[in-house]
Amino acid sequence: MYLKEIIKEFENTEHIIDLDLTNEVHLLKIQKLADNLYKETQSIEEIYSLEEIMSRKKQNFSLIAHSAVKIAKSKKILSEIKENINITIIFAVYKEHTRILTKKEHKHGEDFLIKKINQIQNLTESFKNINWNMIVVDDGCPEKSGKIAQKILKKRYKGKNVEVLYLQDAIDNNNPTVNNIKNTNDSRKGGSIEYGMWYASEKNIENNIIIYTDADLSTHLGQCGLLVGEIINNNKNVAIASRREPMSIVIKTGKRNLRGKLFIYLWKKMLTRLNYIVDTQCGFKAFKSETVKKIIFNNTEKKFAFDIELLLKTDILKRKSIQKVPIAWIDSAEASTTTDLQPYLDMLKAIARMYHKYAQPSAISHKFAYLIKSLTEEQWKILTEHVPEGIQIKSPLHYDIYNEITVDDFEKILDKYSKN
């Protein structure tokens, strides 16, 4: 296949092994290869075939090649959309005052705001029927990340389609999306993202696809077309990036796998309606603007589990209207302000509340919800240190049908390892 030859020739020339999405040179290399693949591809089927071949032998291709193929596919999907569409990108900032700077300005600088703008511009600039805008929401950052973002935009970006909002303004103005927030401390990204989504939907732009992502650079925005295509072409209400699909490319620098698997197993036992979804926490999700208007109000969760409440309400609105999309996801070089917290227990307790509010009651789910609600931090630590073997060896892709680990099994672990 000639596309494989393009990749191999590129890899033999560049010799980049450890891809760093915060590195400007690496990003330029990805864009160059993605553009070459896009130009040489005659049909979307060719890209799909290439992606399948590469997914079967992932180790034979560089991370740059995998990422470039996803971006080329994304752009090819957009090229075949004939109607006018708008893409709104939203992300929250909290204590991002160093990473938003350049590497010259701070040793941890990633310049992520300008990089995100460049990524979405590169993806859409050749399509007259596709517009984009971006909304940065300050989540009450004590270091005033929002103000820094405004200064960067004024100095380095001449466009008018990037705005900075403040969650505090929403609270002061009694915005309907923050009805249960007393101050910005009550939000952990969720309040800001939902405020940004509401703000975008209120613009009433036709065919507006609202995408929220993380402030870091783990997900290249050149992949937006992968999500947009599912909504425009396949009439899905929501498309979510999933890091656990066979054709996903994922590089993680942390050691969170077992805790993450335990988290997935437990939430799936409470919210069985969403069993066809595995990765609820990947920060790259796209929503129809019309869907946002129907799911954005009266939500109980404004912290890290807010994604799950939005997905649950979407599925209640229309069964299985959420599409999973494999992506390339590479952990940001510097730890995010949220990933180091890993508030799994708080998230599970929030999900237990969602179960009681939204879900059809069942005996098994009720027992799991009661277990979660009763867990202390010390008990959660015990469970994470003694994850049952069945959960360890099974893939989360199968947790929808794997039910062998019961509440009684977890209670036995707590009885055995708890201090008297």
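The values are calculated or read from the model by the stated rules, or taken from the named source; none is laboratory data. Being a predicted model, the structure only gives us computed values, none of them experimental. Reconstructed Cβ throughout: ideal geometry from the backbone, glycine too, with neighbour counts over all protein chains shown.
Quick notes
- Residue within the range 266-287 that is part of a helix (DSSP H, G or I), assigned by TED's automatic domain parsing to the domain that holds T213, over 21 Å from K394 (Cβ atoms) and at pLDDT 95 or above present: no
- When the range 164-174 is filtered for residues that are within 15 Å of I148 (Cβ to Cβ) and not hydrophobic (A, V, I, L, M, F, W, C), only Y166 remains.
- If only residues of the range 366-396 that are assigned to a helix (DSSP H, G or I) and β-branched (V, I, T) are counted, the one that is surrounded by the most Cβ atoms within 10 Å (Cβ to Cβ) is I372.
- Of everything listed in (1) over 23 Å from the mean Cα position of the chain (by Cα); (2) assigned to a helix (DSSP H, G or I), the single unmet condition for A72 is (1).
- Members of the range 302-326 found to be farther than 30 Å from E51 by Cβ, surrounded by fewer than 18 Cβ atoms within 10 Å (Cβ to Cβ) and without any contact (Cβ under 8 Å) to a residue 60 or more places away in the chain, listed by number: I316
- Residue pairs whose Cβ atoms lie under 7 Å apart, separated by 6 or more positions or on different chains, with the first residue in the range 360-374 and in the same structural domain as E411 (by TED's automatic domain parsing) and of a type in the set (D, E, K, R) and the second at pLDDT 95 or above and assigned to a helix (DSSP H, G or I), are K367/V407; K373/K349; K373/A352.
- Qualifying positions in the range 286-301 - in contact with an Asp or Glu (Cβ under 8 Å, 6 or more places away or on another chain) and either of a type outside the set (S, T, N, Q) or surrounded by fewer than 16 Cβ atoms within 10 Å (Cβ to Cβ) (or both): A286, I296, T300, E301
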